[in-house]
Amino acid sequence: MEFTCESLSILVVRPRTRILMVVSFCEEEYSHGQCAHISMTSPSDGQKPATTWQARFPIYFGWVIVAIIFTRSFTTAGALWSTAILSVPMKEDLGWSQSAIFAGIALRTLGAAIGGFFLGKYLDTRRGAPFLAVVSGIVSGVGLMLVALVDSQWQFWLIFGVLSGLFGAGPGALLMSAIVPKWFVRKRGRTMALASMGTGFAAMILPLVVPPFVDAFEWRATFVTLGVLTLILAVLPAFFLKTRPEDVGLRTDGDKEPEEAAARSGQTEEHSLTAKEAFRTTTLWLLIGAAFFGSFSPTAYPTNLVPTFVDRDFSLQVAGWAFAAYGFTSFTGRFFWGWLVDRIHIRRALMIIAVYTGLTVPLLQVLPDNASLAAGAIAGFGIGGWVGLNQVVWAAYFGRANLGAITGKVRPLITVSGASGPFLVAFMADVFGGFGIGIMVMALSWWICSGFLFLVRPVKRTEQPASSQPESATSP
């Protein structure tokens, strides 16, 4: 029996990789020496084949990313909160002023802003984020250990402030705003709140641990211990960090298909603006204004909390407990704020936080005697919400593809406020003999912040939406 046909196509499917291979045989082409055509296709949405261990992980790997950023936010904030507590024994041992020590904190924050400006765009690349997470973790840990050797102000400013800020805290502080929103869209509010809870956890735990440790081993050994802890918690988890779910064959929020995401959210795929496009919008500049004034108190208030109580003749241990109460409400309150922002727009949630905190920050000044110890816990509920959610706003208005580039360029403009806050409040305390003026300035900053948020309006989309692909890391 003879079988003939003009052409024959065979479809081969590799299930694990989801690669389709089509082998086509053509009689006419065979006569010219071409016996077959082979074409291969893979998923059309830019995903990598789902062969990675992250794609086969028992739970959605985005939750592992949240856990990694949680530990990183713990170490990043822990360096600041611990130094604020250690400023008391450092001041007594070295004879430095409070403002001199807090100048180092200001330099660290400014250095982080400058480092983020130049390195932020690399957090949008596949290998850039894991590499920077590892390197910045090493710099942060070693920097804390070297602080134990300082005996002059310029050494502290250089090691803890400039170098650790530029190459340690800079990339580390951007990881949450640049990475977590890439993994989640519908659950962005609650996941950002969870990831940022590391800062609240640091404020809750370290004030209880650091003062007794200082009493037993002095402040220099405490810095060495903090450095070792940073190397463990910041560096080791960073080896498992991935920039986007698409890099490991996954989709945002753990969805299986694009249609599933659209059906659940009721929205189409979000469009992203490049950094250049974002900076041309009025919305971005209003958000920068809100973030500028909203960033003053979250660093100034907790770092000056212990010195404020010590200045009122409370012991370091009692002041530490008051700081821990602040950390507890800052930590636990983010469950509420994360729940809220998934139900109302991020702008409204941040306005509620700004008004609440503007009302509660002055309690540190107006509550009498022992009652003032509760002021930190009351204000911490709002400040923790701001720390957890203010970075959601960039993805909400400008998309997720270029978050590293956008937040990296925005950060220097708003960090001037956050960096100067601890120093200015401490300086005003040195000049005026108390923290009252500084506390009222912090309250005022929240009311100005709420005014900027009130003026923010949605970005006007052009007829041709911006590309959702990340900008090149080599672009200016």
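Of note:
- Boolean, Arg347 is out of contact with any Lys or Arg (no Cβ under 8 Å at 6 or more places or on another chain), modelled with pLDDT of 90 or more and either over 22 Å from Ile85 (Cβ atoms) or of a type in the set (Phe, Trp, Tyr) (or both): yes
- Any hit, segment 183-202, residues being under 29 Å from Ser140 (Cβ atoms), modelled with pLDDT of 90 or more and in a helix (DSSP H, G or I): yes
- The residue that is surrounded by the most Cβ atoms within 10 Å (Cβ to Cβ), counting only those in segment 113-158 that are over 19 Å from Leu226 (Cβ atoms) and aromatic (Phe, Trp, Tyr), is Tyr122.
- One residue from Ser136, Ser97 being in contact with a helix residue (DSSP H, G or I) (Cβ under 9 Å, 6 or more places away or on another chain) and under 30 Å from Phe432 (Cα atoms): Ser97
- Members of segment 389-444 that are in a loop (DSSP other than H, G, I, E, B) and either within 19 Å of Gly170 (Cα to Cα) or outside the structural domain of Ala375 (by TED's automatic domain parsing) (or both): Asn390, Gln391, Asn402
- Among (1) aliphatic (A, V, I, L, M); (2) surrounded by fewer than 23 Cβ atoms within 10 Å (Cβ to Cβ); (3) at pLDDT 85 or above - the single one Val180 does not satisfy: (2)
Yes or no, residue by residue, for (1) more than 21 Å from Gly418 (Cα to Cα); (2) free of Cβ contacts under 8 Å to residues at least 24 places away in the same chain:
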residue	(1), (2)
Ala322	yes, no
Ser330	no, no
Val341	yes, no
Ile353	no, no
Ala371	yes, yes
Gly388	no, no
Val393	no, no
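- If you go through segment 365-388 and pick out every residue that is surrounded by 24 or more Cβ atoms within 10 Å (Cβ to Cβ) and not in a helix (DSSP H, G or I), you end up with 0.
- For Pro362: the one exception among (1) over 18 Å from Phe435 (Cβ atoms); (2) in contact (Cβ under 8 Å) with a residue 60 or more places away in the chain; (3) not basic (Lys, Arg): (1)
- Segment 294-314 - residue that is outside any helix (DSSP H, G or I) and over 18 Å from the mean Cα position of the chain (by Cα) and, of those, surrounded by the fewest Cβ atoms within 10 Å (Cβ to Cβ): Asp313
The values are calculated or read from the model by the stated rules, or taken from the named source; none is laboratory data. Here the structure is a predicted model, which is why all the values come from computation and not from measurement. All Cβ positions, even for glycine, are placed from backbone atoms using ideal geometry, and neighbour counts span all protein chains on display.
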